[in-house]
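The values are calculated or read from the model by the stated rules, or taken from the named source; none is laboratory data. From a predicted model like this one, the values you see are computed outputs, not experimental measurements. Quick reminder, even Gly has a Cβ in these numbers, built from the backbone with ideal geometry, and neighbours come from all protein chains shown.
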Amino acid sequence: MRLLERSIVRKNHRKKWSALALAAAASLVLAGCTQLEDTGYLPGQRGTSDLGDGIATFWVNSWIALLAIGFLVWGLIIWASVVYRRRKNETGMPEQMRYHMPIEILFTVVPIILVFGLFAFTARDQAQVEENWTADEMEVHIEVYGKQWAWDFNYLEVDGSPYDGGVYYQGVQAVELRDENGSTTGEIDYDQLPTLYLPVNAKVVIDLKSRDVAHSFWVPEFHYKEDTIPGKTNTFSFTPTREDTYIGKCAELCGEYHSMMLFQVEVVSQEEYNAYIQSLEDAGNVGERGDEYNRNLNNPGTSVPEIVHEEQH
Ligand SMILES: [Cu+2]
């Protein structure tokens, strides 16, 4: 009886100690978590958009689950090859094991559970990411045109937006900085990059279109990428939640200067955003640069731009 009690006490002790050790290890790992590790080495940091954190969590958790399975499988492989290695004086084939139902069921059912589990989480998160703000919810509506090799941005009027009508910005391809001798330095002039302005914490809807070939709108720190396809409109809805400057790029090989098809995203305060919109209006960029500027004018919904002859005074 006493022996039994003692062993129970010892067991409880052991449990306590292993729980403590686990907690210590976990806190060490979590405390030592850098920003990079926290997002699973994805670019950017948490709190950038309403979608980014969910995607980063999904990515990190998938890696944890897959590594755990990986370590288990690698461990079993190493264990089996050590324990069942050929010993001295052994000849011929080892004892063969076939039709062992428990093991066969295990290695059929476990991968099925894994695949369906990953699928379910992917489907859930993707549905959430692809959900769009409704017309009533939307606070900022922007048309983004990909074109060889830059971007155009139309800031469309939204109910309750501080400006009437739309304004537009037409971007040019990235410009390389040059040294005194006029030779390229390999550095980009960021001041000349097409820049998309977004007000922080606003529900943004971006319609993605193309003027010529397939491009892809990619802001790595938003953890989101979507193609711009000629003749088709894709939509990206999200809420930027941190003021900062983000680099964007075309992620679909689209011709000779694909790598120069860069842009920036400025997430700014509502006041700064309004001031920027005002500056476009003041510069005369009123209205929008729509499908009439597409290069493939045989696409549905496109027509040749009307040439307006201004009267000379
Ligand atoms: Cu492109």
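The table below gives the values:
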quantity	calculated
Given (1) touching a residue at least 24 places away in the same chain (Cβ under 8 Å); (2) outside the structural domain of Phe238 (by TED's automatic domain parsing); (3) of a type in the set (Gly, Ala, Ser); (4) outside any helix (DSSP H, G or I), number of the condition Gly92 does not satisfy	(1)
Considering residues of the range 260-292 that are more than 16 Å from Tyr197 (Cβ to Cβ) and loosely packed, with under 13 Cβ neighbours inside 10 Å only, the residue modelled with the highest pLDDT	Gly284
Pick from the range 217-228, criterion outside any helix (DSSP H, G or I) and surrounded by fewer than 21 Cβ atoms within 10 Å (Cβ to Cβ), ranking: farthest from the ligand (Cβ to nearest atom)	Tyr224
Sole residue being among the charged types (D, E, K, R) and touching a helix residue (DSSP H, G or I) at 6+ places or on another chain (Cβ under 9 Å), chosen from Lys147, Lys203, Lys88	Lys147
Flag for Thr239 being free of Cβ contacts under 8 Å to residues at least 60 places away in the same chain and under 25 Å from Ala127 (Cβ atoms)	no
